[in-house]
1. Kindly check whether there is at least one residue in segment 633-642 that is in contact (Cβ under 8 Å) with a residue 40 or more places away in the chain, in contact with an Asp or Glu (Cβ under 8 Å, 6 or more places away or on another chain) and farther than 22 Å from SER465 by Cβ.
2. What pairs can you find where one residue is in segment 88-100 and more than 13 Å from SER156 (Cα to Cα), the other is open to solvent by 20 Å² or more (accessible area, probe 1.4 Å) and outside any loop (DSSP other than H, G, I, E, B), and their Cβ atoms are less than 8 Å apart, with a gap of 6+ or different chains?
3. With ASP334, ASP347 as the choices, which residue is over 22 Å from SER449 (Cβ atoms) and among the acidic types (Asp, Glu)?
4. Return only the number of the condition from (1) over 23 Å from ARG632 (Cβ atoms); (2) more than 37 Å from the chain's Cα centre (by Cα); (3) surrounded by 22 or more Cβ atoms within 10 Å (Cβ to Cβ) that ARG455 does not satisfy.
5. Would you mind stating whether GLY671 is surrounded by 24 or more Cβ atoms within 10 Å (Cβ to Cβ), under 25 Å from the mean Cα position of the chain (by Cα) and either charged (D, E, K, R) or not in a loop (DSSP other than H, G, I, E, B) (or both)?
6. Report whether or not GLN297 is within 30 Å of ALA710 (Cβ to Cβ) and in contact (Cβ under 8 Å) with a residue 40 or more places away in the chain.
7. Among the residues of segment 485-507, are any within 22 Å of LEU747 (Cβ to Cβ) and in contact with an Asp or Glu (Cβ under 8 Å, 6 or more places away or on another chain)?
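The values are calculated or read from the model by the stated rules, or taken from the named source; none is laboratory data. Owing to the predicted nature of the structure, the values given are computational and were not obtained by experimental measurement. Cβ sites come from the backbone with ideal geometry, for glycine too, and all protein chains shown count toward neighbours. For accessibility, only protein heavy atoms count, side chains too; no ligands or nucleic acids. Shrake-Rupley method; radii C 1.70, N 1.55, O 1.52, S 1.80 Å.
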Amino acid sequence: MKYLLKKIPRLLLFMVIALILMMIASAIYVKIQLPSVELLKDIRLQVPLRIYTSDGKLIAEFGEKRRIPVYLNEIPPQLINAILATEDQRFYSHPGIDIPGLGRAALQLVRTGDKAQGGSTITMQVARNFFLSNQKTFLRKFNEILLALKIERQLSKEKILELYLNKIYLGNRAYGVGTAAQVYYGKPIAKLNLAQLAMIAGLPKAPSTRNPLANPEAAIERRNHVLKRMYDEGFITREALLQASNATITAQYHGAEALVEAPYVAEMIRQALYNQFEEDAYTNGYQVYTTIDSELQETANKALRTTLLNYEDRHGYRGPLTHVQISDDTNTQDLLSEVLAQPIIQDFYPAAIMATTEKSAVALIHNGECIEIPWSGLSWAKPQLKNRKYGKSPQQTSDILRIGDIVLIHQENDQSWRLTQYPDVEGALVSLEPNDGAIVALVGGFDYSKSHFNRITQATRQPGSSFKPLIYAAALNKGLTLATLINDAPVVLDDPSLENVWRPQNDSRMFYGLTRLRTGLTRSRNIVSIRLLENIGIPYTIDFISRFGFNPNDLPRSLSLALGSLSISPLDLTAAFSVFANGGYKVEPYLINQITNDEDEVLLQTNAKTACTDCNEADLKADITLEQYAPRIVNRQVAYLMTLALKDAIKSGTGRPALALKRNDIAGKTGTTNDQKDAWFVGFNGDLVTTTWMGYDQPQSLGEYSVTTALPMWMNFMQTALAGKVENSLIQPPGLISVRIDPTTGLLARHDQKDSIFETFRREYAPINQSSRDNYYQNADESKKSTSGIEYLF
């Protein structure tokens, strides 16, 4: 026994030494496994993707974590003092770990067996937040301690504190104090008062459950504790303590508020960056500055919605969303609350009709308020019938509504309420600058929350007559003129692609005989376009149109091409018309102007190739393309002549309502497809090319032409977009001459002819023969002989 007692001290010593050696070995092993602190010297915080207009207004933000990184010198000293007073009083004196704090945590563990977090310094929290999990284990705590010591040896105290203040989670998706200031108070961190700074400093302990939005009472208690600690540490005076402690809560949620509504644009940008960077797109702090003009975008939104809603009004009321039997029982009230709590979209409020009079209705809305809908907001609601037709105008409220109807209402500019409905019809609008392709406004549909389908880029529809200018441009390029005569006479086409022979007609169902090209385009004569295409040849025309960016394999090799029988997106058609607007250059539409990182370093700058508006005459004659300019695809004279003809389409043709804009620099073309399934208007001046489209996603007749659908949308937009701008038209290029012609024959007018008109020609194609009506009738007779009233072109 004595022998064993003598051995115990040695045995204990051996065990202590072995334990120390094991701990040293473990520490060395763990240290080897620890991540390199060098990563913290160039750490990239997870910052969301933000998308802005060209004038710096937020369109959208993508990413789970909201973060606004700030440097330490940008953070108010009071906030730093508040954090130190509550989180780590000895931060500037300890080596990364707080021995007394760890000792207290160890005693708590011995007494209670609770492994609750304790003794963590700011440095240890940096180690955990950047490198470790939140799992409460001894190994994690051991790693945390070693990492903290390692961090302290390699980073300054200021850098450690800056990392902590930018990384820490502070509730409501806010990471870092800069973001918390914006989320809770809607201000930069530097503009917060003491009470607000103390509130933020109190969040790290329980950011989800004790923030001022989730639990105001607990948040005030925590804030006042922070203020007391600041007073105890000598950071604030007693007067400041009392004043801040008595301050009421001013916090409310401030989301990443989009200042400009452009969700289709935002999705296009998001998808482009995700394709390039995948998930890093949402965390690397990319800031994308688009070409979108904030004012023009809002104008486009309004123009599209107004036009679609006006169309819906013209075609009648489809009836209530649903009907609820109104009573005082609890189930009915719960049902009403549920129905009225549906999301408010585009300022359309769900409402329950609670009472009606002869000429008004009382409706209950989501906030429990009862509002009155006057007769002026009801009288439009003729019942919608089949095939876009409508019934008789209502004479009293009971013709439209009954108690218990769940309807949609919205508030007019004069604050009165109006019955409304979501449009079934859809629309799209895109506008770009023709000299470089910058997209300044884009709306892909009535409401993005209802449909993410972007009708500007994803929808391909037949353009109808709005495609005809490309056929006419091909003809002018081949040597025909705006005075060339085409016979507008019946034609029958034996097209192998069709089951039956095709007998195309003009919209008027009439034929007009020999017609000048300018008139054929201005009046949108179908037969003229078909005969023109047959004249210049389909292969040549397809080759010419391909210059505009269209895939020749997608173009129908039949005369139906003359009537726009291909499928095309609004963006592609807009880009095509920009060639006429800029004098013959093919610019590429683009949305991204610049991409920067969260430190405003430029990562990408778009240098779009532009139209050569100031090329000298030698360049023009050589028809060259300089490297910094977009490629020339159309002779400048041809582009100018097409612009003249398309101006005529507004002055005296199908686009005549646009004369209301009272501008001489606008040109454009309507387009309505068979059965009025698609309505288009493409119009431009030297500043903007804008395309509008209306139709149903599942094609069906609109029951109207483009002149009452797409054209009003275009006018609503362009009236504001061009307001106050000087007129901007193409300057007439060299090589063109203007001569007086006989409008009937297209030949030179006689010197005494009173009905002569001026026409512009490329010099080499100007008429040289003088007109005589005998020649005209002879040509007309020959035309009749060649067609015999009906001509088979195949």
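1. Initial filter on segment 633-642 (in contact (Cβ under 8 Å) with a residue 40 or more places away in the chain): 633-642.
Restricting the remaining residues to those that are in contact with an Asp or Glu (Cβ under 8 Å, 6 or more places away or on another chain) gives 635.
From what's left, farther than 22 Å from SER465 by Cβ: 635.
Looking for residues that are in contact (Cβ under 8 Å) with a residue 40 or more places away in the chain, in contact with an Asp or Glu (Cβ under 8 Å, 6 or more places away or on another chain) and farther than 22 Å from SER465 by Cβ, one finds at least one in segment 633-642, hence yes.
2. Sorted first by the residue in segment 88-100, then by its partner, the pairs are ILE97/ILE145; ILE97/LEU149.
3. Values: ASP347 fails: over 22 Å from SER449 (Cβ atoms).
Just one listed residue meets the conditions, ASP334.
4. So ARG455 meets the others, but not (2).
5. no
6. So GLN297 passes the test.
7. Pass one, segment 485-507, residues within 22 Å of LEU747 (Cβ to Cβ): 485-489.
Then keep just the ones that are in contact with an Asp or Glu (Cβ under 8 Å, 6 or more places away or on another chain); that gives 489.
The answer is yes; a qualifying residue exists.
Quick grid of which residues meet (1) in contact with a Lys or Arg (Cβ under 6 Å, 6 or more places away or on another chain); (2) farther than 23 Å from ILE236 by Cβ; (3) modelled with pLDDT of 85 or more; (4) not hydrophobic (A, V, I, L, M, F, W, C):
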| position | (1), (2), (3), (4) |
| --- | --- |
| SER93 | no, no, yes, yes |
| GLY103 | no, yes, no, yes |
| GLN117 | no, yes, no, yes |
| ASN143 | no, yes, no, yes |
| GLN154 | no, yes, no, yes |
| LEU165 | no, no, yes, no |
| GLY186 | no, yes, yes, yes |
| ILE189 | no, no, yes, no |
